[in-house]
Structure formats: structure tokens, C-alpha cells
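Before any comments, here is the structure.
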Amino acid sequence: MYHKILTIFKGDTLLDCVLSQDLDIPHECGGNCACTTCMVEVLSGECYLTPMEPPERDRLDLEGQLQTGTRLACQALCISSQAVIELLTS
């Protein structure tokens, strides 16, 4: 588990950002919203990310992980030109 503050740019997913900084985060399905291994808790900066869509919501709900701030890193896309996101991974 790690706590990290990342700079993310428009159009990047949290997964793209984490991997580009050589941080290890599981993503067994390759970023296709078919698992929950890239689940993170967004502690701050969630307003700079796309809203959760039904496939992500359904996947988290199926695993009993649908909570405020919980996102799949492969699905959370930055909508700002640049943002600072604070996250916690398991």
C-alpha cells in the first residue's frame, strides 16, 4: 500500500499516470474495467476526474467496494488541463 500525490494531465487515466511514474499497481485486465485490481482511493482531487460511469460502478458494487472516493484507476480520466491527485492504493 502506498500514499501518493501525483500530477495528472488532461486525457490521462490515473492508471496511465501511476505507471508513467514507475509505480507498481496491479491491472490484470489491462485497463479494460474487467477486474478491480487497479482500485484506488482518491483522497483529494476527485473533482478533476470524470464521473464514475455505470460499468465502473457495477464492477465496484459487485466486489462490495463501491464507496465515496473509490475508483478504478483505469477508468478515472483527468478532465482538467493539469491536476494534482492524492491517492491511496491497496
Of the trypsin sites (Lys or Arg not before Pro) in segment 1-71, which ones lie in a loop per DSSP and count no more than 14 other C-beta atoms within 10 Å?
K10
Return the single residue from S44, S20, S80 with maximal mean-square fluctuation; model: Gaussian network over the chain, springs between Cα atoms under 10 Å.
S20
Among I5, Q67, C33, pick out the residue whose Cα is farthest towards the positive end of the charge dipole of segment 2-89, where Lys and Arg carry +1 and Asp and Glu carry -1 on C-beta, about the Cα centre.
I5
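Evaluated at 4 °C with a viscosity of 1.567 mPa s, what Stokes-Einstein diffusion coefficient in µm²/s does segment 2-89 have when Rh comes from the Kirkwood expression over alpha-carbon pairs?
Details: Rh = 12.6 Å.
Reported coefficient: 103 µm²/s.
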Under unit Cβ charges (Lys, Arg +1; Asp, Glu -1), what dipole magnitude, rounded to 20 debye, does segment 2-89 have relative to its Cα centre?
180
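Here, each number is a calculation from the coordinates, and none is a lab measurement. In this text the structure is predicted, and so the values were computed from the model without any measurement. Positions of Cβ are backbone-derived with ideal geometry, glycine not excepted, and every protein chain shown enters the neighbour counts.
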